[in-house]
Amino acid sequence: MADMMPFIDLATQRDRIRDKLEPAMAKVVEEGRYILGPEVTELEQRLAAFSGAPLALGCANGTDALALPLMAWKVRKGDAVFVPSFTFASTAEVVRWVGATPIFVDVDPETYTMDVAHLEACMDMVRKDPELTPRAVIAVDLFGQPADYPAIKALCDKDGLKLIADSAQGFGCTLNGQHPIHWADVATISFYPAKPLGCYGDGGAIVLKDEGLYELLRSLHVHGSGKERYEYARIGLNSRLDTIQAAILLAKLDIFQDEIDARNRAADGYAAGFGDLVRPHKVIEGGISTWAQYTLEVEDRDGFRKTLADHGIPTAVYYPWPLHDQPAYAGSPASPGGLPVTERISHHVVSLPMDAYLEGERLDRVVKAVRAALG
Ligand SMILES: *Cc1c(COP(=O)(O)O)cnc(C)c1O
(Lines give C-alpha, C1' and ligand atoms only; values in the text may rest on other atoms or scores of the structure.)
Protein backbone atom coordinates (compact mmCIF):
# COMPACT_ATOMS: atom_id res chain seq x y z
CA MET A 1 0.00 0.00 0.00
CA ALA A 2 1.25 3.47 -0.89
CA ASP A 3 2.23 6.01 1.78
CA MET A 4 -0.83 7.97 2.96
CA MET A 5 -0.58 11.66 2.05
CA PRO A 6 -2.00 14.18 4.55
CA PHE A 7 -5.69 15.07 4.11
CA ILE A 8 -4.77 18.67 4.94
CA ASP A 9 -1.14 19.77 4.65
CA LEU A 10 -0.61 22.09 7.61
CA ALA A 11 3.17 21.50 7.71
CA THR A 12 3.93 23.34 4.46
CA GLN A 13 2.02 26.39 5.67
CA ARG A 14 3.84 26.27 9.02
CA ASP A 15 7.24 26.15 7.29
CA ARG A 16 6.23 29.04 5.03
CA ILE A 17 5.45 31.39 7.93
CA ARG A 18 7.76 29.93 10.59
CA ASP A 19 9.99 33.04 10.65
CA LYS A 20 6.94 35.16 11.58
CA LEU A 21 5.16 32.65 13.81
CA GLU A 22 8.01 31.94 16.18
CA PRO A 23 8.83 35.57 17.10
CA ALA A 24 5.11 36.39 17.35
CA MET A 25 4.51 33.54 19.80
CA ALA A 26 7.71 34.33 21.72
CA LYS A 27 6.58 37.96 22.08
CA VAL A 28 3.31 36.90 23.69
CA VAL A 29 5.11 34.56 26.08
CA GLU A 30 7.61 37.30 26.95
CA GLU A 31 5.07 40.11 27.44
CA GLY A 32 2.72 38.00 29.55
CA ARG A 33 -0.60 39.51 28.38
CA TYR A 34 -2.04 36.06 27.77
CA ILE A 35 -5.68 37.08 28.11
CA LEU A 36 -7.09 39.85 25.88
CA GLY A 37 -3.63 41.09 24.93
CA PRO A 38 -2.97 43.61 22.14
CA GLU A 39 -2.80 40.90 19.46
CA VAL A 40 -6.48 40.08 20.09
CA THR A 41 -7.51 43.68 19.42
CA GLU A 42 -5.29 43.87 16.35
CA LEU A 43 -6.72 40.63 14.99
CA GLU A 44 -10.30 41.83 15.57
CA GLN A 45 -9.57 44.98 13.58
CA ARG A 46 -7.94 43.00 10.78
CA LEU A 47 -10.80 40.46 10.60
CA ALA A 48 -13.35 43.26 10.35
CA ALA A 49 -11.33 45.02 7.65
CA PHE A 50 -10.85 41.76 5.74
CA SER A 51 -14.59 41.21 5.46
CA GLY A 52 -15.61 44.84 5.00
CA ALA A 53 -17.42 45.07 8.35
CA PRO A 54 -16.90 47.72 11.01
CA LEU A 55 -16.56 45.36 13.99
CA ALA A 56 -15.27 41.96 15.08
CA LEU A 57 -14.95 40.16 18.41
CA GLY A 58 -12.71 37.19 19.17
CA CYS A 59 -14.15 34.32 21.20
CA ALA A 60 -13.18 30.84 22.35
CA ASN A 61 -14.40 28.80 19.36
CA GLY A 62 -16.77 28.81 16.41
CA THR A 63 -19.56 27.23 18.45
CA ASP A 64 -19.61 30.01 21.04
CA ALA A 65 -19.49 32.48 18.14
CA LEU A 66 -22.92 31.15 17.14
CA ALA A 67 -24.30 30.97 20.67
CA LEU A 68 -23.31 34.47 21.78
CA PRO A 69 -25.54 36.36 19.31
CA LEU A 70 -28.49 34.09 20.18
CA MET A 71 -27.89 34.97 23.84
CA ALA A 72 -27.60 38.67 22.99
CA TRP A 73 -30.93 38.60 21.13
CA LYS A 74 -32.49 36.66 24.04
CA VAL A 75 -33.55 33.79 21.79
CA ARG A 76 -35.19 31.34 24.18
CA LYS A 77 -37.77 28.61 24.74
CA GLY A 78 -40.66 28.91 22.31
CA ASP A 79 -38.48 30.53 19.64
CA ALA A 80 -37.77 28.80 16.34
CA VAL A 81 -34.38 29.03 14.62
CA PHE A 82 -34.04 27.73 11.06
CA VAL A 83 -30.87 25.70 10.44
CA PRO A 84 -29.68 23.22 7.83
CA SER A 85 -29.43 19.58 8.86
CA PHE A 86 -26.52 18.93 6.51
CA THR A 87 -23.89 20.72 8.64
CA PHE A 88 -21.58 20.33 11.61
CA ALA A 89 -23.27 19.79 14.99
CA SER A 90 -22.68 23.31 16.33
CA THR A 91 -25.14 25.00 13.97
CA ALA A 92 -28.10 23.27 15.65
CA GLU A 93 -26.53 22.60 19.06
CA VAL A 94 -26.45 26.28 20.03
CA VAL A 95 -30.19 26.58 19.33
CA ARG A 96 -30.80 23.90 21.96
CA TRP A 97 -28.36 25.56 24.37
CA VAL A 98 -30.64 28.58 24.65
CA GLY A 99 -33.74 26.36 24.89
CA ALA A 100 -35.08 27.29 21.45
CA THR A 101 -36.33 24.89 18.77
CA PRO A 102 -34.24 24.10 15.68
CA ILE A 103 -36.26 23.83 12.48
CA PHE A 104 -34.28 21.74 10.01
CA VAL A 105 -34.16 23.01 6.44
CA ASP A 106 -33.09 20.92 3.45
CA VAL A 107 -30.17 21.89 1.21
CA ASP A 108 -29.92 22.64 -2.49
CA PRO A 109 -28.89 19.45 -4.33
CA GLU A 110 -26.14 21.23 -6.27
CA THR A 111 -24.56 23.68 -3.82
CA TYR A 112 -25.43 21.88 -0.55
CA THR A 113 -26.29 25.21 1.09
CA MET A 114 -29.71 26.08 2.53
CA ASP A 115 -32.57 25.49 0.07
CA VAL A 116 -34.43 28.79 -0.10
CA ALA A 117 -37.77 27.31 -1.25
CA HIS A 118 -37.71 24.82 1.63
CA LEU A 119 -36.76 27.59 4.07
CA GLU A 120 -39.87 29.46 2.95
CA ALA A 121 -42.00 26.32 3.48
CA CYS A 122 -40.52 25.86 6.96
CA MET A 123 -41.25 29.50 7.79
CA ASP A 124 -44.87 29.02 6.69
CA MET A 125 -45.14 25.98 8.97
CA VAL A 126 -43.82 27.89 11.98
CA ARG A 127 -46.08 30.88 11.30
CA LYS A 128 -49.08 28.55 11.70
CA ASP A 129 -47.75 27.03 14.94
CA PRO A 130 -49.10 28.95 17.96
CA GLU A 131 -46.36 27.49 20.18
CA LEU A 132 -43.44 28.84 18.14
CA THR A 133 -42.13 32.32 17.37
CA PRO A 134 -39.76 32.52 14.40
CA ARG A 135 -36.63 34.43 15.47
CA ALA A 136 -33.54 33.67 13.40
CA VAL A 137 -31.97 31.84 10.48
CA ILE A 138 -28.49 30.32 10.66
CA ALA A 139 -27.25 29.83 7.10
CA VAL A 140 -24.05 27.83 6.68
CA ASP A 141 -21.26 28.56 4.20
CA LEU A 142 -20.85 24.84 3.76
CA PHE A 143 -17.56 23.53 2.41
CA GLY A 144 -16.44 27.14 2.03
CA GLN A 145 -19.02 28.63 -0.30
CA PRO A 146 -21.52 31.39 0.45
CA ALA A 147 -25.15 30.46 1.01
CA ASP A 148 -27.74 32.22 -1.17
CA TYR A 149 -27.71 35.33 1.04
CA PRO A 150 -29.71 37.75 -1.13
CA ALA A 151 -32.67 35.32 -1.18
CA ILE A 152 -32.33 34.25 2.46
CA LYS A 153 -32.02 37.85 3.65
CA ALA A 154 -35.18 38.80 1.72
CA LEU A 155 -37.12 36.04 3.55
CA CYS A 156 -35.69 37.12 6.92
CA ASP A 157 -36.70 40.73 6.31
CA LYS A 158 -40.30 39.75 5.61
CA ASP A 159 -40.69 38.43 9.17
CA GLY A 160 -38.06 40.51 10.96
CA LEU A 161 -35.80 37.51 11.59
CA LYS A 162 -32.12 37.80 12.51
CA LEU A 163 -29.65 36.25 10.11
CA ILE A 164 -26.44 34.52 11.21
CA ALA A 165 -23.89 33.48 8.59
CA ASP A 166 -22.17 30.39 10.02
CA SER A 167 -18.93 31.02 8.16
CA ALA A 168 -16.89 28.59 10.28
CA GLN A 169 -15.71 26.92 7.09
CA GLY A 170 -16.33 29.81 4.75
CA PHE A 171 -14.66 32.88 6.21
CA GLY A 172 -13.15 34.68 3.21
CA CYS A 173 -15.80 33.52 0.74
CA THR A 174 -17.67 36.12 -1.30
CA LEU A 175 -20.85 36.42 -3.37
CA ASN A 176 -20.85 39.07 -6.10
CA GLY A 177 -17.75 40.48 -4.42
CA GLN A 178 -19.41 40.85 -0.99
CA HIS A 179 -18.66 38.91 2.18
CA PRO A 180 -21.62 37.23 3.94
CA ILE A 181 -21.71 40.00 6.58
CA HIS A 182 -23.00 42.29 3.83
CA TRP A 183 -26.36 40.51 4.24
CA ALA A 184 -26.12 38.88 7.69
CA ASP A 185 -26.46 40.50 11.11
CA VAL A 186 -23.41 38.56 12.24
CA ALA A 187 -20.95 36.24 10.51
CA THR A 188 -19.17 33.70 12.67
CA ILE A 189 -15.75 32.13 12.21
CA SER A 190 -14.05 29.04 13.62
CA PHE A 191 -10.28 28.91 13.89
CA TYR A 192 -10.24 25.15 14.55
CA PRO A 193 -6.92 23.99 13.03
CA ALA A 194 -8.46 22.21 10.03
CA LYS A 195 -10.58 25.19 8.93
CA PRO A 196 -9.25 27.35 6.08
CA LEU A 197 -8.15 30.00 8.62
CA GLY A 198 -7.09 27.79 11.52
CA CYS A 199 -5.02 28.49 14.63
CA TYR A 200 -3.07 26.00 16.79
CA GLY A 201 -5.91 25.15 19.13
CA ASP A 202 -9.49 26.36 19.50
CA GLY A 203 -10.60 29.85 18.59
CA GLY A 204 -13.44 31.77 17.01
CA ALA A 205 -14.71 35.22 16.12
CA ILE A 206 -17.85 37.15 15.30
CA VAL A 207 -17.91 39.81 12.58
CA LEU A 208 -20.71 42.35 12.83
CA LYS A 209 -22.04 45.80 12.00
CA ASP A 210 -24.14 46.96 14.96
CA GLU A 211 -22.40 48.87 17.75
CA GLY A 212 -25.06 48.06 20.37
CA LEU A 213 -24.89 44.35 19.62
CA TYR A 214 -21.10 44.54 19.78
CA GLU A 215 -21.22 45.99 23.31
CA LEU A 216 -23.60 43.21 24.40
CA LEU A 217 -21.41 40.49 22.87
CA ARG A 218 -18.31 41.97 24.49
CA SER A 219 -20.01 41.76 27.85
CA LEU A 220 -21.42 38.26 27.26
CA HIS A 221 -18.05 36.80 26.25
CA VAL A 222 -16.54 37.82 29.60
CA HIS A 223 -19.17 36.51 32.05
CA GLY A 224 -21.69 39.25 31.27
CA SER A 225 -19.39 41.85 32.80
CA GLY A 226 -20.65 45.37 33.44
CA LYS A 227 -18.81 48.69 33.34
CA GLU A 228 -16.66 47.99 36.40
CA ARG A 229 -14.51 44.96 37.04
CA TYR A 230 -16.46 42.27 38.98
CA GLU A 231 -19.74 44.00 38.17
CA TYR A 232 -22.12 41.76 36.22
CA ALA A 233 -24.95 43.04 34.08
CA ARG A 234 -26.13 39.68 32.73
CA ILE A 235 -25.32 35.96 32.61
CA GLY A 236 -22.53 35.28 30.16
CA LEU A 237 -19.78 32.85 29.25
CA ASN A 238 -16.04 32.63 29.53
CA SER A 239 -15.34 32.74 25.83
CA ARG A 240 -12.23 34.73 25.00
CA LEU A 241 -9.77 34.15 22.19
CA ASP A 242 -6.27 33.47 23.60
CA THR A 243 -3.65 36.12 22.85
CA ILE A 244 -1.22 33.48 21.59
CA GLN A 245 -3.80 32.18 19.10
CA ALA A 246 -4.46 35.74 17.92
CA ALA A 247 -0.71 36.18 17.32
CA ILE A 248 -0.65 32.98 15.27
CA LEU A 249 -3.72 34.07 13.31
CA LEU A 250 -2.20 37.48 12.49
CA ALA A 251 0.67 35.67 10.76
CA LYS A 252 -1.77 33.40 8.94
CA LEU A 253 -4.08 36.24 7.92
CA ASP A 254 -1.18 37.89 6.04
CA ILE A 255 -1.18 35.00 3.56
CA PHE A 256 -4.87 34.10 3.75
CA GLN A 257 -6.06 35.72 0.52
CA ASP A 258 -3.13 34.16 -1.30
CA GLU A 259 -4.13 30.79 0.17
CA ILE A 260 -7.76 31.20 -0.91
CA ASP A 261 -6.51 31.86 -4.44
CA ALA A 262 -4.29 28.76 -4.24
CA ARG A 263 -7.21 26.62 -3.03
CA ASN A 264 -9.19 27.79 -6.05
CA ARG A 265 -6.30 26.80 -8.32
CA ALA A 266 -6.22 23.37 -6.65
CA ALA A 267 -9.97 22.99 -7.22
CA ASP A 268 -9.46 23.94 -10.88
CA GLY A 269 -6.66 21.37 -11.08
CA TYR A 270 -8.99 18.66 -9.80
CA ALA A 271 -11.69 19.67 -12.29
CA ALA A 272 -9.19 19.58 -15.16
CA GLY A 273 -7.91 16.19 -13.99
CA PHE A 274 -11.16 14.28 -13.52
CA GLY A 275 -14.02 16.67 -14.35
CA ASP A 276 -14.98 14.42 -17.28
CA LEU A 277 -15.75 11.62 -14.78
CA VAL A 278 -17.12 13.41 -11.73
CA ARG A 279 -17.85 17.00 -10.73
CA PRO A 280 -17.69 18.47 -7.23
CA HIS A 281 -20.55 20.30 -5.54
CA LYS A 282 -21.36 23.40 -7.56
CA VAL A 283 -20.42 26.90 -6.38
CA ILE A 284 -23.28 29.42 -6.47
CA GLU A 285 -23.28 31.78 -9.46
CA GLY A 286 -21.16 34.83 -8.54
CA GLY A 287 -19.64 33.03 -5.55
CA ILE A 288 -16.00 32.43 -4.63
CA SER A 289 -15.42 29.52 -2.28
CA THR A 290 -12.62 29.01 0.21
CA TRP A 291 -12.86 25.28 -0.63
CA ALA A 292 -12.84 24.14 2.98
CA GLN A 293 -13.80 20.79 1.47
CA TYR A 294 -13.74 19.47 -2.07
CA THR A 295 -16.72 17.17 -2.07
CA LEU A 296 -17.95 14.72 -4.70
CA GLU A 297 -20.95 12.43 -4.85
CA VAL A 298 -20.19 8.84 -5.79
CA GLU A 299 -22.48 5.85 -6.15
CA ASP A 300 -20.34 3.29 -4.30
CA ARG A 301 -18.72 5.38 -1.59
CA ASP A 302 -17.07 2.53 0.31
CA GLY A 303 -15.52 1.14 -2.87
CA PHE A 304 -14.33 4.61 -3.94
CA ARG A 305 -12.73 5.28 -0.57
CA LYS A 306 -11.02 1.91 -0.56
CA THR A 307 -9.50 2.42 -4.02
CA LEU A 308 -8.25 5.85 -2.99
CA ALA A 309 -6.81 4.50 0.25
CA ASP A 310 -4.99 1.79 -1.76
CA HIS A 311 -3.40 4.65 -3.71
CA GLY A 312 -2.39 6.42 -0.48
CA ILE A 313 -5.12 9.05 -0.71
CA PRO A 314 -7.11 9.76 2.46
CA THR A 315 -10.76 10.75 2.14
CA ALA A 316 -13.37 11.96 4.64
CA VAL A 317 -17.13 11.99 4.84
CA TYR A 318 -18.82 15.28 5.75
CA TYR A 319 -21.45 14.46 6.95
CA PRO A 320 -22.54 10.83 7.18
CA TRP A 321 -25.56 11.41 9.47
CA PRO A 322 -27.90 14.37 9.04
CA LEU A 323 -28.49 16.18 12.32
CA HIS A 324 -32.29 15.89 12.19
CA ASP A 325 -31.92 12.09 12.29
CA GLN A 326 -29.71 11.98 15.36
CA PRO A 327 -30.86 10.99 18.85
CA ALA A 328 -29.82 14.41 20.22
CA TYR A 329 -32.46 16.10 18.04
CA ALA A 330 -35.27 13.58 18.43
CA GLY A 331 -38.48 15.45 19.15
CA SER A 332 -37.64 18.45 16.95
CA PRO A 333 -40.59 19.41 14.72
CA ALA A 334 -40.75 17.49 11.43
CA SER A 335 -40.06 19.77 8.46
CA PRO A 336 -42.64 20.01 5.66
CA GLY A 337 -41.90 17.36 3.04
CA GLY A 338 -38.97 16.02 5.05
CA LEU A 339 -35.35 16.51 4.01
CA PRO A 340 -34.95 14.25 0.97
CA VAL A 341 -31.83 15.93 -0.46
CA THR A 342 -29.96 15.87 2.85
CA GLU A 343 -30.88 12.22 3.37
CA ARG A 344 -29.82 11.18 -0.13
CA ILE A 345 -26.50 13.03 -0.32
CA SER A 346 -25.38 11.96 3.14
CA HIS A 347 -25.01 8.44 1.66
CA HIS A 348 -22.94 9.57 -1.32
CA VAL A 349 -20.73 12.52 -0.40
CA VAL A 350 -16.99 12.09 -0.03
CA SER A 351 -14.30 14.74 0.38
CA LEU A 352 -10.82 14.70 -1.13
CA PRO A 353 -7.60 16.22 0.23
CA MET A 354 -7.72 20.02 -0.09
CA ASP A 355 -5.46 22.81 1.08
CA ALA A 356 -3.55 25.79 -0.31
CA TYR A 357 -0.45 23.65 -0.99
CA LEU A 358 -2.13 21.01 -3.13
CA GLU A 359 -0.36 21.18 -6.48
CA GLY A 360 2.08 19.35 -8.73
CA GLU A 361 2.87 15.76 -7.90
CA ARG A 362 0.55 15.59 -4.88
CA LEU A 363 -2.44 16.81 -6.88
CA ASP A 364 -1.56 14.43 -9.73
CA ARG A 365 -1.57 11.50 -7.31
CA VAL A 366 -5.12 12.30 -6.21
CA VAL A 367 -6.27 12.74 -9.83
CA LYS A 368 -4.75 9.39 -10.79
CA ALA A 369 -6.45 7.63 -7.90
CA VAL A 370 -9.86 9.20 -8.67
CA ARG A 371 -9.51 8.14 -12.31
CA ALA A 372 -8.59 4.60 -11.20
CA ALA A 373 -11.66 4.47 -8.97
CA LEU A 374 -14.14 5.84 -11.51
CA GLY A 375 -12.53 5.39 -14.93
C1 LIG B 1 -16.34 23.82 12.72
C2 LIG B 1 -17.71 24.35 12.61
C3 LIG B 1 -18.34 25.00 13.68
C4 LIG B 1 -17.77 25.06 15.07
O5 LIG B 1 -16.51 25.51 15.23
P6 LIG B 1 -15.64 25.14 16.54
O7 LIG B 1 -14.56 26.16 16.49
O8 LIG B 1 -15.15 23.75 16.35
O9 LIG B 1 -16.50 25.28 17.73
C10 LIG B 1 -19.59 25.55 13.49
N11 LIG B 1 -20.22 25.44 12.30
C12 LIG B 1 -19.66 24.81 11.26
C13 LIG B 1 -20.42 24.74 9.97
C14 LIG B 1 -18.40 24.23 11.37
O15 LIG B 1 -17.87 23.59 10.33
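The values are calculated or read from the model by the stated rules, or taken from the named source; none is laboratory data. Predicted, not measured: the structure shown is a model, and the values here were computed from it. Using ideal geometry, Cβ is built from the backbone for each residue, glycine included, and neighbour counts are taken over all protein chains shown.
From A267, A272, A292, A309, which residue is under 20 Å from D3 (Cβ atoms), modelled with pLDDT of 95 or more, aliphatic (A, V, I, L, M) and out of contact with any Leu (no Cβ under 6 Å at 6 or more places or on another chain)?
Just a single option satisfies the conditions, and that option is A309.
Each row is one residue, and each column tells you yes or no for (1) within 21 Å of the chain's Cα centre (by Cα); (2) under 17 Å from T113 (Cα atoms).
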site	(1), (2)
D242	yes, no
A251	yes, no
A262	yes, no
A271	no, no
V278	no, no
V283	yes, yes
W291	yes, yes
Y294	yes, yes
E299	no, no
Evaluation of D79 against (1) charged (D, E, K, R); (2) within 23 Å of G144 (Cα to Cα); (3) in contact with a Pro (Cβ under 8 Å, 6 or more places away or on another chain) (one fails), failing number: (2)
First in the range 176-193 and buried (at least 20 other Cβ atoms within 10 Å of the Cβ), second anywhere and in a loop (DSSP other than H, G, I, E, B) and of a type in the set (S, T, Y), Cβ under 8 Å, 6 or more apart: P180/S167; A187/S167; T188/S167; I189/S167
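Conditions tested, residue by residue: (1) in contact (Cβ under 8 Å) with a residue 12 or more places away in the chain; (2) basic (K, R); (3) at negative phi; (4) within 16 Å of the ligand (Cβ to nearest atom).
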residue: P150; (1), (2), (3), (4): yes, no, yes, no
residue: A154; (1), (2), (3), (4): no, no, yes, no
residue: G204; (1), (2), (3), (4): yes, no, yes, yes
residue: G236; (1), (2), (3), (4): yes, no, yes, no
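Just the residues that are assigned to a strand (DSSP E or B) and more than 16 Å from the ligand (Cβ to nearest atom), please, taken from the range 268-296.
Taking the range 268-296 first, the residues assigned to a strand (DSSP E or B) are 280, 287-288, 294-296.
Result: P280, G287, I288, L296.
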